[in-house]
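Data first, discussion second: the structure below is written as structure tokens.
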Amino acid sequence: MARTKVPPPLTPRAKELVTLVVNSVALGTHDDEAEVGVLAKEMGTTPARLESLVRKLTEQGYVTVKSNFVYPTVEALKAQKPSITDKEAKAVLRRLR
């Protein structure tokens, strides 16, 4: 069985961003609240500064970006809710696309 790479622990700022993105999915407001500019405003920063954090989280496997919208990955969902299975997390993400 192949071992999956475990991403590094989230910093407080990164955890805040992942929480905002995952909550937007859970609340069904992703299309309104997960755009980089909206997230930057919510976090009290500029889009340029947030983009550097998003790049880092993308490299670590927590988020992906498509058309300036931030999407959680299975790892992000597991960081938020450790009891979720890969299968359940993938089902959640399929509904977003």
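Values as computed for the structure displayed
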read-out: Count of residues meeting criterion [assigned to a loop (DSSP other than H, G, I, E, B) and either small (Gly, Ala, Ser) or touching a residue at least 24 places away in the same chain (Cβ under 8 Å) (or both)] in the stretch 1-55; value: 8
read-out: Single unsatisfied condition, Ile84 versus (1) assigned to a helix (DSSP H, G or I); (2) of a type in the set (A, V, I, L, M); (3) free of Cβ contacts under 8 Å to residues at least 12 places away in the same chain; value: (1)
read-out: Qualifying positions in the stretch 37-48 - among the small types (Gly, Ala, Ser) and buried (at least 17 other Cβ atoms within 10 Å of the Cβ); value: Ala40
read-out: Enumeration of residues in the stretch 7-30 that are closer than 14 Å to Thr58 by Cα and touching an Asp or Glu at 6+ places or on another chain (Cβ under 6 Å); value: Pro7
read-out: Failed condition for Asn68, given (1) without any contact (Cβ under 8 Å) to a residue 60 or more places away in the chain; (2) within 12 Å of the chain's Cα centre (by Cα); value: (2)
read-out: Top-ranked residue in the stretch 56-65 [being in contact (Cβ under 8 Å) with a residue 12 or more places away in the chain and outside any helix (DSSP H, G or I); ranked as nearest to Lys5 (Cα to Cα)]; value: Gly61
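Table: residues versus (1) under 15 Å from Lys15 (Cβ atoms); (2) surrounded by 13 or more Cβ atoms within 10 Å (Cβ to Cβ).
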residue	(1), (2)
Asp32	no, no
Glu35	no, yes
Leu50	yes, yes
Leu53	yes, yes
Lys56	yes, yes
Tyr62	yes, yes
Phe69	no, yes
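None of the figures in this text is laboratory data; all of them are computed from the coordinates on show. Bear in mind the structure is a predicted one, so any value in this text is a computation, not a measurement. Cβ atoms come from the backbone with ideal geometry, glycine included; neighbour counts cover every protein chain shown.
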